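What follows is a set of notes on a single structure, which appears directly below.
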Amino acid sequence: MPARVISGKQVAAEIRQALSGRVQALRARGVVPGLGVILVGDDPASHSYVKSKERACQELALHSVVRRMPATAGQHEVIAQVEAFNRDPAIHGILVQLPLPDHIDEQAVILAIRPEKDVDGFHPVNVGNLHIGSRCFIPCTPAGVMELIERSGFELKGTHAVVVGRSNIVGKPVAMLLLSRHATVTMCHSRTRDLPAVTRTADVLVAAVGKAELIKGDWIKPGAVVIDVGVNRLGDRLVGDVDFASASPVAGFITPVPGGVGPMTITMLIKNSIEAAERILG
Ligand SMILES: NC(=O)c1ccc[n+]([C@@H]2O[C@H](COP(=O)([O-])OP(=O)(O)OC[C@H]3O[C@@H](n4cnc5c(N)ncnc54)[C@H](OP(=O)(O)O)[C@@H]3O)[C@@H](O)[C@H]2O)c1
């Protein structure tokens, strides 16, 4: 039987519906959740992501401010803008669109964000709190991955989850979140020996690699939940890290690319921004 396709588009729409109620409740108490975005340079992909974030804010009636800075902006100027958002009571969440130009130290900029406004969840305080299981902002893509798994109705407790990719923004936080839901977690990376042998043992497989269609159907355990984070251009098509055609007859659940994890990421950013505003009200 072919896998059930988990539509991130549909799940994101359901979550946004629920979030709109939370925005209305905040507005009734005189608070409009605000997101401040800093975009440095001319990277077309970054500009397009920021546009989508602005659109999502508009759709949900959030206040959003985008500060566009030239690629030549100095690190001190970017940090000064972060600090201005830190002080601004109308801005509850701050996002610095990555990557930053090479002459800027990303970690220094992230460190300047007040952790309670760090809606991307990249500040070391939020990263540390995620690891020790304390309240934190969960990075948006990993949070989206977890929502998709949970809404598939799959019970994670006691299962074997394999995460391919160990980046700070996707692989590592996804692994911590799976562990916190009592999965037994294996992390794989570019030096993992015999990757297909490891992925074949996965009840849940999360692919966050950035290599077009790396993971084939015969790398997948029959019935597994397969979450494909990858976004890769293959000719004129966008494809994931999983070869959907060979994987979907084997998997139990699978996310498509596009329309899987992608729509969840911005939705989770909006959710974190709303939560940041709610926390201020207590
Ligand atoms: N949908 C979304 O909203 C969203 C958000 C973020 C990212 N993405 C996509 O997700 C993918 C991963 O993003 P990322 O930022 O995590 O990438 P990244 O920082 O480049 O990390 C890639 C990871 O994959 C591992 N890797 C590379 N080649 C491998 C191979 N042949 N076998 C096993 N592991 C391998 C790397 O191992 P080493 O550590 O050993 O180098 C690294 O840990 C990209 O396609 C990106 O575009 C999508």
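The values are calculated or read from the model by the stated rules, or taken from the named source; none is laboratory data. Here the structure is a predicted model, which is why all the values come from computation and not from measurement. Using ideal geometry, Cβ is built from the backbone for each residue, glycine included, and neighbour counts are taken over all protein chains shown. SASA here: full protein model, heavy atoms, side chains in, ligands and nucleic acids out. Shrake-Rupley method; radii C 1.70, N 1.55, O 1.52, S 1.80 Å.
Using 1/(1 + (r/R0)^6) with R0 = 41 angstrom and r between the beta carbons of F154 and H47, what's the FRET efficiency to the nearest 0.05?
Once rounded, the FRET efficiency stands at 0.70.
Hey, in the GNM for the chain with a 10 angstrom Cα cutoff, which one of G153, G128, G93 fluctuates hardest?
With Cα springs under 10 Å in the chain, the top fluctuation among G153, G128, G93 is at G153.
From the square roots a ≥ b ≥ c of the eigenvalues of the alpha-carbon gyration tensor of segment 51-101, which class results: rounded (a/c under 1.5), prolate (a/b over b/c), or oblate?
oblate
Taking each pair of distinct Cα atoms in the chain once, what is the resulting Kirkwood hydrodynamic radius in Å?
Radius from the Kirkwood sum: 19.5 Å.
Normalising by the residue count of segment 118-162, find the relative contact order in percent from Cα pairs under 8 Å and 6+ residues apart.
Result for segment 118-162 is 30 percent.
Can you tell me, using C-alpha contacts under 8 Å and at least 6 residues apart, the relative contact order of the chain as a whole percent?
About 23 percent, as a whole number.
Taking square-rooted eigenvalues a ≥ b ≥ c of the alpha carbon gyration tensor, is segment 220-261 rounded, prolate or oblate, where a/c under 1.5 means rounded and, failing that, a/b exceeding b/c means prolate?
prolate
With a ≥ b ≥ c taken as the square roots of the eigenvalues of the C-alpha gyration tensor of segment 27-74, please select rounded if a/c is under 1.5 and otherwise prolate if a/b is larger than b/c or oblate if it is not?
oblate
Provide, in order from the shortest bin, the percent of all Cα-Cα pairs of segment 98-256 in each 10 Å bin, continuing until the bin that contains the maximum pair distance.
Final binned percentages: 11, 38, 33, 16, 2.
So which residue, out of V32, V261, V242, gets the largest mean-square fluctuation from a GNM of the chain using Cα contacts under 10 Å as springs?
In the Gaussian network model the winner is V32.
Q107 versus R193, label points 7 Å from Cα toward the beta carbon: distance in nm?
Spacing of the two 7 Å Cα→Cβ label points: 3.1 nm.
Nearest 500 deg cm²/dmol is fine: what mean residue ellipticity at 222 nm does the chain get from its DSSP H runs of n ≥ 4 alone, each adding -39,500 (n - 2.57), divided by its residue count?
That comes out to -13000 deg cm²/dmol.
Say R0 is 41 Å: what FRET efficiency, to the nearest 0.05, do Q24 and H76 get from their beta-carbon distance?
The calculated FRET efficiency here is 0.55.
Could you work out the relative contact order of segment 40-114? I mean the mean sequence separation of Cα pairs under 8 Å and 6+ apart, divided by the number of residues, in percent.
38
Between M69, M146, M264, where does the largest GNM mean-square fluctuation fall for the chain, given springs only between Cα atoms within less than 10 Å?
Among M69, M146, M264, the largest GNM mean-square fluctuation belongs to M69.
How many percent of the accessible area of segment 175-227 is carbon or sulfur, using a 1.4 Å probe?
Using a 1.4 Å probe with all protein chains present, segment 175-227 comes out at 54 percent carbon and sulfur.
Could you order K211, K117 so the one with the most accessible surface comes first? Probe is 1.4 Å.
Descending order: K211, K117.
Tell me the carbon and sulfur percent of the accessible area for segment 24-74, rounded to whole percent, probe radius 1.4 Å.
51
Hey, what's the chain come to in accessible area per residue, 1.4 Å probe, Å²?
Counting only protein heavy atoms, the per-residue value for the chain is 46 Å².
Ordering D228, D88, D218 by how much accessible area each has at a 1.4 Å probe, largest first, what is the list?
In descending accessible area the options line up as D218, D88, D228.
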